[in-house]
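Chemist: Dropping the structure in here first, questions after.
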Number of protein chains: 2
Amino acid sequence: MSPTADVRAQILEANRQAAAALRQRFAETHTLVVNLISSPGAGKTTLLEATLERLAGRFRTGVLVGDIATERDAERIRRLGLPAYQILTGGACHLDARQIEEAWAKAGFGALDILFIENVGNLICPTSYDLGEDFKVVLLSLTEGDDKPFKYPAIFSRAELALLTKMDLLPLVTFDVAAVEQQIRTLNPTGTIIPVSAKTGQGMELWCRTLEQRWQAKRG
Amino acid sequence: MSPTADVRAQILEANRQAAAALRQRFAETHTLVVNLISSPGAGKTTLLEATLERLAGRFRTGVLVGDIATERDAERIRRLGLPAYQILTGGACHLDARQIEEAWAKAGFGALDILFIENVGNLICPTSYDLGEDFKVVLLSLTEGDDKPFKYPAIFSRAELALLTKMDLLPLVTFDVAAVEQQIRTLNPTGTIIPVSAKTGQGMELWCRTLEQRWQAKRG
């Protein structure tokens, strides 16, 4: 192995161990953990705001937010009166499991039903890092164009759920929904695709029901 | 230094040397080299299509395109009858100078006035890799939101030119152009900001004139 490949293998192995410990911990507390991944500006925080409002009162939720810089996204969630903790990666292009461990300890959320992890805005790097989540969700906004699944195949093949966001903009942009769904199904035949709009509410019920069902299944 | 930091330093040093050799080569041929960086779907290829059409007949242009997978972007450029060569990074989140060296040798473009490098869609990783370019251009599309420069400060402080793309969508999205310009100026007081739309042509003349002036300055 080259020195680069060797170091990368060590990093991924250390991450795998930390993720396994997190997964064990969240299994014991029946906390559903969802890892949200997308390009910058695909609407992760906006989706979370709309989602948390719908889940409020029925589920204890918390959010860990990763960004290169600024506390802005955590502040947006906290403005809803809900717990959020910002992880600043200081340049790194993804979150890793040890950052989740550390942030979880510092955040002091208490027992949660659903923990959302909003990853750094990046369609590539976060794909390889297991954060102890139950599943990954990839968001693709309509304004990014309908060629993206085949251009970024790793995340679309690994995410159990793909959300097509900003559906309210469909009349205004060139985006072939059926073609995108076909690309995603080719990469991930068993995955679920939900077109959503946080603005109009389209798809939000199905997305929240999916979360609820996954939470119930984990609770057993 | 940790093994990780050490390997990273070695990689960046090897890249620096390869980039210096490229810069020397392109200085001799007076080829202006422009490195385009943005999130996926911010409109790099669409901007290039509109740019190349405007420059056609006056400048000898060529495009090296980086992507994780698919030849799609290079095909779009070649459809205009212009030379383009696709670099597939096989998972890597940025182009490096040795890939440019190799691609340049294989592409067989001959003498060029302007070489455009369309980097992998990623607002983080490509920032640290010098490709021997004269300057970096960052594209931010209006649909990504007006909080992005402060969230991704490295690229906005290093790119000499920032293009705000998809300006035709301004009436339809929430995007405070003045606030974004202020963020960018804070990060990069000497940089140039041009709002553009490949659809309506807004800003395209200024952008092409900027390229022409930089090419003339390099020609001496």
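The values are calculated or read from the model by the stated rules, or taken from the named source; none is laboratory data. It should be emphasised that the depicted structure is a prediction, and the values quoted were computed from it without experimental measurement. Quick reminder, even Gly has a Cβ in these numbers, built from the backbone with ideal geometry, and neighbours come from all protein chains shown.
Chemist: If only one of A:GLU212, A:GLU144 is among the acidic types (Asp, Glu) and closer than 24 Å to A:HIS30 by Cβ, which one is it?
Modeler: After applying the criteria, what remains is A:GLU212.
Chemist: Another question, if that's okay. Among the residues of the stretch B:25-57 satisfying the criterion of being surrounded by 17 or more Cβ atoms within 10 Å (Cβ to Cβ) and polar (S, T, N, Q), which is farthest from B:ALA69 (Cα to Cα)?
Modeler: B:THR31
Chemist: Can I ask one more? Filter the stretch A:28-43 for residues that are more than 14 Å from every other protein chain (Cβ to nearest Cβ) and in contact (Cβ under 8 Å) with a residue 40 or more places away in the chain; which is nearest to the chain's Cα centre (by Cα)?
Modeler: Among those that are more than 14 Å from every other protein chain (Cβ to nearest Cβ) and in contact (Cβ under 8 Å) with a residue 40 or more places away in the chain, it is A:LEU36.
Chemist: Scan A:GLN183, A:GLN216 and give me the residue that is within 19 Å of A:LEU52 (Cβ to Cβ), of a type outside the set (Ser, Thr, Tyr) and either touching a Phe, Trp or Tyr at 6+ places or on another chain (Cβ under 6 Å) or at pLDDT 95 or above (or both).
Modeler: Result of the check over A:GLN183, A:GLN216: A:GLN216.
Chemist: Looking at (1) away from every other protein chain (no Cβ under 14 Å); (2) out of contact with any Lys or Arg (no Cβ under 6 Å at 6 or more places or on another chain); (3) within 28 Å of A:LEU206 (Cβ to Cβ); (4) of a type outside the set (Phe, Trp, Tyr), which is the one condition that is false for A:LYS106?
Modeler: In the conditions (1) away from every other protein chain (no Cβ under 14 Å); (2) out of contact with any Lys or Arg (no Cβ under 6 Å at 6 or more places or on another chain); (3) within 28 Å of A:LEU206 (Cβ to Cβ); (4) of a type outside the set (Phe, Trp, Tyr), A:LYS106 misses (3) alone.
Chemist: While we're on this one: Of the residues A:GLY62, A:GLY66, which is of a type outside the set (Lys, Arg) and more than 14 Å from every other protein chain (Cβ to nearest Cβ)?
Modeler: Of A:GLY62, A:GLY66, the one residue that is of a type outside the set (Lys, Arg) and more than 14 Å from every other protein chain (Cβ to nearest Cβ) is A:GLY62.
Chemist: Only residues that are closer than 23 Å to A:VAL120 by Cα, assigned to a helix (DSSP H, G or I) and either of a type outside the set (Gly, Ala, Ser) or in contact with a His (Cβ under 6 Å, 6 or more places away or on another chain) (or both): list them for the stretch B:168-180, please.
Modeler: Within the stretch B:168-180, B:VAL180 is the sole residue that qualifies.
For every residue, the table says whether it meets (1) touching an Asp or Glu at 6+ places or on another chain (Cβ under 9 Å); (2) touching a residue at least 24 places away in the same chain (Cβ under 8 Å).
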residue	(1), (2)
B:PRO171	no, no
B:ALA178	no, no
B:ARG185	no, no
B:ASN188	yes, yes
B:ILE194	no, yes
B:SER197	yes, yes
B:LEU206	no, no
B:LYS218	yes, yes
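Chemist: Let me ask something additional. Within the stretch A:112-123, does at least one residue satisfy the condition of being touching a residue at least 12 places away in the same chain (Cβ under 8 Å), among the hydrophobic types (A, V, I, L, M, F, W, C), within 22 Å of B:PRO126 (Cβ to Cβ) and within 12 Å of another protein chain (Cβ to nearest Cβ)?
Modeler: Looking for residues that are touching a residue at least 12 places away in the same chain (Cβ under 8 Å), among the hydrophobic types (A, V, I, L, M, F, W, C), within 22 Å of B:PRO126 (Cβ to Cβ) and within 12 Å of another protein chain (Cβ to nearest Cβ), one finds at least one in the stretch A:112-123, hence yes.
One line per residue, one yes/no per condition, for (1) under 24 Å from A:LEU172 (Cα atoms); (2) among the polar types (S, T, N, Q):
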{"position": "A:CYS125", "(1), (2)": "no, no"}
{"position": "A:SER128", "(1), (2)": "no, yes"}
{"position": "A:PHE135", "(1), (2)": "no, no"}
{"position": "A:ASP147", "(1), (2)": "yes, no"}
{"position": "A:ALA154", "(1), (2)": "no, no"}
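Chemist: Suppose we filter the stretch A:151-174 for residues that are buried (at least 20 other Cβ atoms within 10 Å of the Cβ) and either within 11 Å of chain B (Cβ to nearest Cβ) or in contact with a Cys (Cβ under 9 Å, 6 or more places away or on another chain) (or both); how many remain?
Modeler: 7
Chemist: May I ask you to list the residues in the stretch A:71-85 that are within 11 Å of chain B (Cβ to nearest Cβ) and either in contact (Cβ under 8 Å) with a residue 12 or more places away in the chain or crowded, with 17+ Cβ neighbours inside 10 Å (or both)?
Modeler: Those that are within 11 Å of chain B (Cβ to nearest Cβ) and either in contact (Cβ under 8 Å) with a residue 12 or more places away in the chain or crowded, with 17+ Cβ neighbours inside 10 Å (or both): A:GLU71, A:ASP73, A:ARG76.
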